[in-house]
1. Does region 255-264 contain at least one residue that is buried (at least 20 other Cβ atoms within 10 Å of the Cβ) and at pLDDT below 90?
2. D59 - would you say it is over 28 Å from P141 (Cβ atoms) and either at pLDDT 60 or above or not assigned by TED's automatic domain parsing to the domain that holds M72 (or both)?
3. Take the residues in region 1-52 that are β-branched (V, I, T), closer than 20 Å to V145 by Cα and assigned to a loop (DSSP other than H, G, I, E, B); name whichever of them is modelled with the highest pLDDT.
4. Give me the residue from region 10-32 that is over 22 Å from A171 (Cβ atoms) and among the small types (G, A, S) and, out of that set, nearest to the chain's Cα centre (by Cα).
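The values are calculated or read from the model by the stated rules, or taken from the named source; none is laboratory data. Please read all numbers here as calculations on a predicted model, not as lab measurements. Heads up, the Cβs are rebuilt from the backbone with ideal geometry, glycines too, and the neighbour counts pull from every protein chain shown.
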Amino acid sequence: MTKPVHLLVATDLTALSRHAAHRAAMLAQQTQATLELLHVLETPALAELRRLLGSSEADMEQRVETQGREAMQQLADEIEQQHGIHAHWHVTPGRVPGAILEQADRSDAGMLVVGASSAAMLRQWLLGATADRLLRASTRPILFVRQPPYEPYRRVLVPVDFSPCAAAALAHARAIAPAAQVLLMHVCALAYEGKMRFAGVADTTVMQYRQQSRRDAQAQLQSLADAAGLASPQWTGVVTQGDPGRDILTQQVELDADLIVLGKQGADTTRELLLGSVTQQVLGQAHCDLLVTPC
């Protein structure tokens with residue numbers, strides 16, 4: 001298991017992003033990682049404010065930056081008081097998410113942490129664009145925080161497709177939630193069932209095919225858990241047959257998972273196109289936090 005040694009929190013200073021900062025502080029405390037907070041003064045937003053309020057460029061930017069610095073200092077003080085973690089912080093003008101990725105490179109962040117919400121239509125649209133660009137451009141794990149962090153993660157759902165990403169996603173899950181129960185999940189695609197039915201194959205044969213797919217998946221889940229050193233009380237295997245995005249969301253609710261961990265393939269593969277749509281569906285609809293990890 002590779003634990004992140006430096007966490008970078010991108011915050012817009014809303015209540016939701018404060019949840020992300022406090023979750024990152026809890027993780028830093030658990031893993032002995034360093035913590036950094038970043039607030040980006042969005043350049044187009046500043047230009048719009050100047051246009052609406054008629055303020056001079058220097059005056060407007062100075063006031064906004066001063067307010068941002070005061071709020072960041074207050075957030076850093078809160079984190080130190082509640083978690084005993086000293087957080088370095090920056091306020092910088094730029095464009096999201098480019099400024100986030102640049103700072104992540106400068107500080108060699110082991111993980112990015114951002115707030116995620118589906119509560120408001122406008123905010124969801126804005127987040128969707130930023131989240132999608134971060135997911136596509138970043139080669140670092142990204143933790144999207146949705147819930148207030150009252151306690152360490154208890155139950156982590158790790159959907160796997162048995163690609164090389166599976167072991168990496170499981171390792172990241174154990175790194176940030178070492179005491180949590182791991183819920184390994186596989187969705188059987190049943191790629192040939194439609195062709196079998198089209199060819200007139202008997203229902204009993206199709207059912208046997210389904211059952212064998214389940215047994216194979218369960219055996220592979222066991223092998224993955226064994227390779228990771230997970231004993232039976234530490235993990236549970238779940239195999240479903242259906243739509244990956246829908247089944248992941250259903251299992252998150254039924255199993256009461258407070259974190260989902262998804263692996264991200266390379267951008268040039270067909271599987272990434274499918275996984276990308278699943279990731280976006282889960283990010284937009286899940287009621288818990290989501291960690292997207294690179295392979």
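1. Here is the first cut: in region 255-264, the residues buried (at least 20 other Cβ atoms within 10 Å of the Cβ) are 257-264.
Keeping just the survivors that are at pLDDT below 90 gives 263-264.
Among the residues of region 255-264, at least one is buried (at least 20 other Cβ atoms within 10 Å of the Cβ) and at pLDDT below 90, which makes the answer yes.
2. On the way: over 28 Å from P141 (Cβ atoms): yes; either at pLDDT 60 or above or not assigned by TED's automatic domain parsing to the domain that holds M72 (or both): yes.
Against the criterion (over 28 Å from P141 (Cβ atoms) and either at pLDDT 60 or above or not assigned by TED's automatic domain parsing to the domain that holds M72 (or both)), D59 qualifies.
3. Step one: list which residues in region 1-52 are β-branched (V, I, T), which gives 2, 5, 9, 11, 14, 31, 34, 40, 43.
Remaining after also requiring closer than 20 Å to V145 by Cα: 5, 9, 11, 14, 31, 34, 40.
With assigned to a loop (DSSP other than H, G, I, E, B) added as a condition, the list becomes 5, 11, 14.
Values: V5: 87, T11: 91, T14: 85.
It comes out as T11.
4. Step by step, filter region 10-32, then rank; the result is A20.
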